[in-house]
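Peer 1: Quick one: this structure, given as C-alpha cells, is what I'll be asking you about.
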Amino acid sequence: MKIAILPGDGIGAEIVAEAVKVLKALDLKFEMEQADVGGTAYDRHGHPLPEATLKLAQQADAVLFGAVGDWKYDKLERQFRPEQAILGLRKHLGLFANFRPAICYEQLTHASSLKPELVAGLDILIIRELTGDIYFGQPRGRRDAPDGAFAGQPEAFDTMRYTRPEVERIARVAFEAARQRGKRVTSVDKANVLETFQFWKDVVTEVHQDYPDVQLDHMYVDNAAMQLVKEPKKFDVLVTGNMFGDILSDEAAMLTGSIGMLPSASLNDKKQGLYEPSHGSAPDIAGKGIANPLATILSAAMMLRFSLAQPKAADRIESAVKKVLAQGLRTPDIYSAGTTKVGTREMGDAVLKALG
Ligand code: IPM
Ligand code: MG
C-alpha cells in the first residue's frame, strides 16, 4: 500500500506532519512518499500540480492532503493558482464522491454559534458530487455577449451540466451510505429554476427505486440552507451537486463550531481516495504551531477505513481523538474556559499517546 503525502500550503505542512506521525505509530506496512502541491509547488516548480505530484497521486492507493491556497497567489492567472491543484487531482483521479461529515462532538457543543440543543449530537453526512457541474462544465470563458439586452458587451459565462451516469453514480453512493446510518437521503436541487437540477431530481428519484429501504426526500437548495441552521438534526445524508455542495458543506461544518475537527474523503470508483481536512490553508496562522491537526488526523482514519482496508486502525485513531478531547486538550480554535490550551505538536503527541 502506498500513500501520497501532499501537505500543500499554509498550515498544511504542520497538520499533515502530525497525521503522518500517527500513521507511522500504527505499525502497518505502507509506504509514504511526499510531494509538493499548491502554491508551494508553484513557487518551486512553476505549477500548482506538477507532473511528478500527479503521477505519485495516481500511483498511490490514497492521498493524504493538507490544504492549498494563499492570498498572495490571487493575482496569478487562474491555471497557476493553488486551487487548480485540488481541482486537477479531483479531475485526473476521477474523485467524484466527496464525503463531508458534520459531527458535533459532545465536548464541543458549546463551540457552535447555534444553541446547544440544536446541535448536540449532530451527525450529518454531506455527499457532494465533485467532478461535474458548473465547476468543470464546458464551455466557459469571456467573450462579447452574443445576445440579450446587453449584446456586444463583455461578459463571462460558465456551464452547469450533468450527464445521467454522473448523477446516477453519486445517487448510489448516497443511498449506500444512508443504508449504513439513518437510512434517509435528502437530495438538494434547484429544480424549480434550473434544467440541470430538474434532471438531477428525476435521475435520483429513478435510482431510488433500487433502495426501497431508504427514505428519499427532495429539497431546494435555498430551503436546505435555511433548514441547516433551523433544525440541522433532521438531516441524515444530504446529496447534492458540486456547487451547492461546496456551499452547504461549509455551512454544515460551521454548525459544529469546530471546522478544525472535520475530515473529508473524495473517492473514485476504485476506492482510491484523497483525504483532507474540511478546513482550508489558514495562511493567517501558518507557522505559528497553533493549528488544529485533528481534522487531518481524522482524515487519515477515514483513509485507513475507505481506501486501505484497515478499519481497526481507523477505530484506534478515532478513539484516541475522543480520548484527548475528554482529557480536555484543546487547540485555540476549540478552546473554552476550563480546558487546556495546546499547540499543534502537543495535540499530535497526545493522540499518539492515546493510541496506546
Ligand atoms: C472545497 C474548496 C475548493 C472547492 C476550492 C479550494 C477549489 O472550497 O474543497 O470545498 O471549491 O471545491
Ligand atoms: Mg469549499
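Peer 1: Please verify whether residue 287 is in the same structural domain as residue 355 (by TED's automatic domain parsing) and not in a helix (DSSP H, G or I), treating the condition exactly as stated.
Peer 2: When the stated conditions are applied, residue 287 passes them.
Peer 1: Still on this structure, please answer the following. Report whether or not residue 282 is within 16 Å of ligand 2 (Cβ to nearest atom) and on the phi > 0 side of the Ramachandran plot.
Peer 2: Criteria met by residue 282.
Peer 1: Look through 196, 159, 163, 205 and report the one residue that is farther than 28 Å from residue 255 by Cα, open to solvent by 60 Å² or more (accessible area, probe 1.4 Å) and in contact (Cβ under 8 Å) with a residue 24 or more places away in the chain.
Peer 2: 163
Peer 1: Hey, another quick one. Report yes if residue 102 is hydrophobic (A, V, I, L, M, F, W, C), surrounded by 24 or more Cβ atoms within 10 Å (Cβ to Cβ) and farther than 30 Å from residue 353 by Cβ, otherwise no.
Peer 2: When the stated conditions are applied, residue 102 does not pass them.
Peer 1: Residue 260 fails exactly one of the following numbered conditions: (1) part of a helix (DSSP H, G or I); (2) at pLDDT 95 or above; (3) within 16 Å of ligand 2 (Cβ to nearest atom). What is the number of that condition?
Peer 2: With (1) part of a helix (DSSP H, G or I); (2) at pLDDT 95 or above; (3) within 16 Å of ligand 2 (Cβ to nearest atom) applied to residue 260, the lone miss is (2).
Peer 1: I would also like to ask the following. Restricting attention to the stretch 1-49, which residues are open to solvent by 40 Å² or more (accessible area, probe 1.4 Å), more than 18 Å from residue 321 (Cα to Cα) and part of a helix (DSSP H, G or I)?
Peer 2: 13, 42, 43, 44, 45 - these are the residues of the stretch 1-49 that are open to solvent by 40 Å² or more (accessible area, probe 1.4 Å), more than 18 Å from residue 321 (Cα to Cα) and part of a helix (DSSP H, G or I).
Peer 1: Looking at (1) closer than 24 Å to residue 130 by Cα; (2) of a type in the set (Gly, Ala, Ser); (3) part of a helix (DSSP H, G or I); (4) open to solvent by less than 40 Å² (accessible area, probe 1.4 Å), which one does residue 52 not meet, given that it meets all the others?
Peer 2: In the conditions (1) closer than 24 Å to residue 130 by Cα; (2) of a type in the set (Gly, Ala, Ser); (3) part of a helix (DSSP H, G or I); (4) open to solvent by less than 40 Å² (accessible area, probe 1.4 Å), residue 52 misses (4) alone.
Peer 1: Is the stretch 182-191 home to any residue that is outside any strand (DSSP E or B), free of Cβ contacts under 8 Å to residues at least 60 places away in the same chain and loosely packed, with under 14 Cβ neighbours inside 10 Å?
Peer 2: No, the stretch 182-191 contains no residue that is outside any strand (DSSP E or B), free of Cβ contacts under 8 Å to residues at least 60 places away in the same chain and loosely packed, with under 14 Cβ neighbours inside 10 Å.
Peer 1: A further question on this structure: How about the stretch 291-337: which of its residues are more than 21 Å from residue 30 (Cα to Cα), open to solvent by 60 Å² or more (accessible area, probe 1.4 Å) and in contact with a strand residue (DSSP E or B) (Cβ under 9 Å, 6 or more places away or on another chain)?
Peer 2: 327, 335
Peer 1: Another one. Could you please find all residues in the stretch 208-248 being touching a residue at least 40 places away in the same chain (Cβ under 8 Å), open to solvent by 30 Å² or more (accessible area, probe 1.4 Å) and within 16 Å of ligand 1 (Cβ to nearest atom)?
Peer 2: The answer is 243, 246.
Peer 1: If a residue must be out of contact with any Gly (no Cβ under 6 Å at 6 or more places or on another chain), open to solvent by 30 Å² or more (accessible area, probe 1.4 Å) and within 15 Å of ligand 1 (Cβ to nearest atom), how many such residues does the stretch 57-82 contain?
Peer 2: Qualifying residue count, the stretch 57-82: 7.
Peer 1: Now a separate question. Within the stretch 93-100, is even one residue within 16 Å of ligand 2 (Cβ to nearest atom) and over 23 Å from residue 190 (Cβ atoms)?
Peer 2: yes
The values are calculated or read from the model by the stated rules, or taken from the named source; none is laboratory data. What you see is a predicted model; the values in this text were computed from it and never measured. Positions of Cβ are backbone-derived with ideal geometry, glycine not excepted, and every protein chain shown enters the neighbour counts. Side chains included, ligands, DNA and RNA excluded: accessible areas come from the protein's heavy atoms. Shrake-Rupley method; radii C 1.70, N 1.55, O 1.52, S 1.80 Å.
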